[in-house]
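Notes follow once the structure below has been shown.
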Amino acid sequence: MRIWTRRWGRAMDHMDGVQSRRTRKAVAAMRCDLGRFRTRDLRCAVALDERARTFLSDHR
């Protein structure tokens, strides 16, 4: 799980400033994928999900 959250985290680093529907869709899909890990209360998944939630709210 840590490898995936690291990769998703790096991808989000590169998305900063990008304003596209495709990017928002990818982040939303990532949040769906993180759902099963978020319910297990894994810190790395919870932190990444929070970051994705913030990204989506900032890029409406």
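Tabulated data for the structure shown
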| item | result |
| --- | --- |
| Apportionment of accessible area to carbon and sulfur, the chain, percent (1.4 Å) | 49 |
| Coil-residue trypsin sites (Lys or Arg not before Pro) of region 1-56, DSSP, other Cβ within 10 Å capped at 12 | ARG40 |
| Gain upon complete extension [GLU50, ARG10; 0.36 nm per residue less C-alpha separation] | 12.9 nm |
| Given [x] 15.2, 55; [y] 15.7, 57; [z] 10.8, 31, the label whose value is Rg and Dmax of the Cα atoms in Å derived from this model | [z] |
| Full-extension gain in nm, ARG60 to ILE3, via 0.36 nm per residue minus C-alpha separation | 17.7 nm |
| ARG40 versus ARG24: modelled label distance in nm, points set 7 Å from Cα along the beta carbon direction | 3.1 |
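The values are calculated or read from the model by the stated rules, or taken from the named source; none is laboratory data. Note that the structure is predicted; figures quoted are calculated from it, not measured. Note: ideal-geometry Cβ built from the backbone for every residue, glycine included; neighbour counts use all protein chains shown. Surface areas here come from the heavy atoms of the whole protein model, side chains and all, with no ligands, DNA or RNA. Shrake-Rupley method; radii C 1.70, N 1.55, O 1.52, S 1.80 Å.
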